[in-house]
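The next block holds one structure in the form of structure tokens; read it before the comments.
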Amino acid sequence: MLKRAINSVKHTNLTAKQQSKIQKIVRVDQAGELGADYIYAGQHLVFSNTKPALAPLIKHMWEQEIHHHNTFDSIQTEGRVRPSLLTPVWKAAAFGLGVGTAALGKEAAMACTEAVETVIGGHYNTQLRWLHKEFADSDIEGITELKEIIKNFRDDELEHLDTAVVEGAKQAVPYYLLTETIKTGCRVAIWIAERV
Ligand SMILES: [Fe+2]
Ligand SMILES: [Fe+2]
């Protein structure tokens, strides 16, 4: 599936506009999954020390993010898509967000996951809608697989969102300030990573 998805990026049957849009999708998704990987790395580091009982739950979500990250790394490298130029910034910001929210406590860490996954779930849905519409009646190699990958990851993200709510995200203080700030940060990062 991954091999075929990579072909979608390199496909010569695509118009220049479609090619550039798919490259944007791969660039922003790779940056986003890298960010998710680093957020959980930061949270895991803190909780391993402060709340070891919580570490396995974080580890489980982290491992899924590592898989997402590796997948988009392969699509990006083998599809020869230029990575976001701000990759070092995304790494630092995401790791800092993970460490910072975990340091505030379990609820804040969960509120962070809730906020991030709300934005990312919506972001993946927007991409899926575009892919469905744009390639509704064309059968281009790799597009189906790319859609399948995005769909699977979207479902994982929504599962993380549910877990975060069950684990007390709404009890974070100050909930609205925290989640709205993180959501805005994610939206800004998405906007930038699509372009730079
Ligand atoms: Fe992810
Ligand atoms: Fe996630």
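Computed from the coordinates by the stated procedures, all read-outs in this text should not be read as laboratory data. All values reported here derive from a predicted model rather than from experimental measurement. Backbone-built Cβ (ideal geometry, glycine too); neighbour counts: all protein chains shown.
Of note:
- Going from the residue with the fewest nearby Cβ atoms within 10 Å to the one with the most, 117, 194 rank 194, 117.
- Neighbours of residue 114 by Cβ distance under 13 Å: Lys/Arg scored +1, Asp/Glu scored -1, total -4.
- Legend: ranking of residues 61, 1, 110 from fewest to most surrounding C-beta atoms inside 10 Å; resulting order 1, 61, 110.
- Sequence-separation-based contact order of the range 18-195, relative, with Cα cut under 8 Å and 6+ spacing, percent: 31
- Size of charge dipole - the range 18-195 - debye, nearest 20, with Cβ of Lys, Arg +1 and Asp, Glu -1, no other charges: 660
- Taking the fewest neighbouring Cβ atoms within 10 Å as the starting point, the ordered list for 139, 29, 37 is 139, 37, 29.
- The range 71-143 and the range 155-185: distance between their alpha carbon centers, rounded to Å: 16
- Entries of 133/170; 3/183; 17/91; 21/147 with Cα pairs more than 25 Å apart: 133/170; 3/183; 17/91
- Rg/Rh for the range 18-195 (Cα atoms only, Rh after Kirkwood) is 0.98.
- The chain: DSSP helices with Cα axial extent of at least 15 Å and average Kyte-Doolittle hydropathy no lower than 1.0: 87-104
- Positive-end residue, the chain charge dipole about Cα centroid, Cβ charges, pick of 67, 121, 95: 95
- Charge tally in the Cβ shell below 14 Å around residue 17, where Lys, Arg are +1 and Asp, Glu are -1, residue 17 excluded: +2
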